[in-house]
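Report on one structure; see the data block that follows.
Derivation of every value follows stated rules applied to the coordinates shown; laboratory data play no part. It should be emphasised that the depicted structure is a prediction, and the values quoted were computed from it without experimental measurement. Positions of Cβ are backbone-derived with ideal geometry, glycine not excepted, and every protein chain shown enters the neighbour counts.
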Amino acid sequence: MDLDPIDPPRRFRVGDNVTISHCADLELAVGERVDFSSQGRTDYAMLRTSWGFLADLPLDLSAVQTGFDAHLAGTVAERVHLLLIQSREAEAYRRYGEQEGHRQVARLCRPADLARLRGPEKA
């Protein structure tokens, strides 16, 4: 793992009312994993593989089990983002999404949504 802190962080605006601080770059070697946490608990992990990255949050588990709802959301800039919304912060995201012009492309955390995305079962 190669961690390159950015000090002072590079600050930039995204959308109308959001400022982001770019505080580090992280490079993982194949087989390395990094855990992301908030409020003292591990929330999410990313694993570097030979073919890319594996986001270690099973989307077919309920928000009750993981604490997250996964969504694909489109933006006014015609980009699509994968969002992991903390279940307890769904209302805050709803307000942010309205303000920034997000539109839900797909919800990825309910069995019916995942089945629709997978398409018909093959016999």
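From the backbone phi of segment 109-117, what are the Karplus-calculated ³J(HN,Hα) couplings (6.51 cos²θ - 1.76 cosθ + 1.60, θ = phi - 60°) in whole Hz, Gly and Pro given as x?
10, 10, x, 5, 5, 5, 4, 5, 5
Grab the other residues whose beta carbon is less than 13 angstrom from that of R79, score K and R as +1, D and E as -1, and report the net.
Taking every Cβ under 13 Å from that of R79, the sum is -1.
When the dipole is taken about the Cα centre of segment 1-56, and only Lys, Arg (+1) and Asp, Glu (-1) are charged at their Cβ, what size is it in debye, to the nearest 20?
180 debye
So what's Rg/Rh here for segment 74-123, counting alpha carbon atoms and using the Kirkwood radius for Rh?
On the way: Rg = 13.5 Å, Rh = 12.6 Å.
Value, to two decimals: 1.07.
Would you work out which of A45, I20, P5 lies farthest towards the positive end of the dipole of segment 1-56? Charges go on Cβ: Lys and Arg +1, Asp and Glu -1.
Working it through, the farthest residue towards the positive pole turns out to be I20.
Any chance you could list the semi-axes, whole Å, largest first, of the equivalent ellipsoid that the Cα gyration tensor gives for the chain, using √(5λ)?
Ellipsoid semi-axes (Å, largest first): 26, 22, 15.
Determine, at each q value in 0.13, 0.18, 0.30 (inverse angstroms), the log₁₀ of I(q)/I(0) that the Debye formula gives when each Cα of segment 1-56 is one equal point scatterer.
Each listed q corresponds, in turn, to -0.46, -0.81, -1.05.
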